[in-house]
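Structure record follows, encoded as structure tokens.
Read-outs throughout are calculated quantities, based only on the coordinates presented, and are distinct from any laboratory measurement. Note that this is a predicted model, so its numbers are computed, not measured. Note that we place each Cβ from the backbone using ideal geometry, even for glycine, and neighbour counts take in every protein chain shown.
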Amino acid sequence: MIDPDAALMHRYARGESNAFDALFARYDGAAYAFFLRRSRCPDRAADLHQELFLRVHRFRDRFDSAQRFSPWFFEVARNVWHDDLRRRHRLPLAADEESFQQLQGGEDPERRTSQRELASLLLADLDPFQREVVWASAVEGETYPDLAARLGKSVSAIKPVGSRSLRRLRELGGKRR
């Protein structure tokens with residue numbers, strides 16, 4: 001049996017704009033809630049929500065209508081979220097010119113690029129929850145109590161996940177070098 005939402009997406013890819021309207025009506029609230037839970041900022045959630053539907057439009061021809069629509073849709077949403085995180089954390093804000101110069105100096109660009117690629121590969125080996133804990137704590141600098149509150153978990157549930165995940169990344173990093 002074909003997924004009704006996949007059929008709508010297929011019709012939209014063939015040019016039926018009313019099919020998109022139906023999909024939008026079905027997924028609008030869930031998409032906004034997805035971003036609001038993660039960002040906890042209504043304005044940012046609205047921007048990401050808009051970007052999600054732009055990507056759905058842009059990639060409409062790549063959707064395989066033999067597959068279910070919902071998992072594809074939320075995979076696109078996760079990609080929008082992760083792209084936004086990468087964009088926001090690409091270059092930390094420097095307090096002054098000297099700090100900015102220190103951020104620019106040091107390692108050679110090829111090494112930084114290879115390290116970024118390795119980090120991406122390593123993070124891909126973690127499940128989504130582990131990735132979120134590692135990213136939020138190690139990259140964004142979010143404290144475990146804040147992270148636990150945002151995720152609706154206890155600090156005692158978050159700490160071991162972060163610790164084990166970082167240990168796993170170190171082990172994997174040593175194997176891949």
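Enumerate the calculated ³J(HN,Hα) couplings along segment 140-157 in order (Karplus 6.51 cos²θ - 1.76 cosθ + 1.60, θ = phi - 60°), each rounded to whole Hz, writing x wherever the residue is Gly or Pro.
Karplus-based 3J(HN,Hα) across segment 140-157 equals 7, x, 6, 6, 4, x, 5, 5, 4, 5, 5, 8, x, 10, 8, 4, 5, 8 Hz.
What does the charge count around residue 51 come to, taking other residues whose C-beta lies under 9 Å from its C-beta (Lys +1, Arg +1, Asp -1, Glu -1)?
On the way: positive: 55; negative: 47, 83, 84.
Net of charged neighbours comes to -2.
Could you give the spread of the C-alpha atoms of segment 4-88 along their three principal axes, from largest to smallest, in whole angstroms?
35, 22, 18
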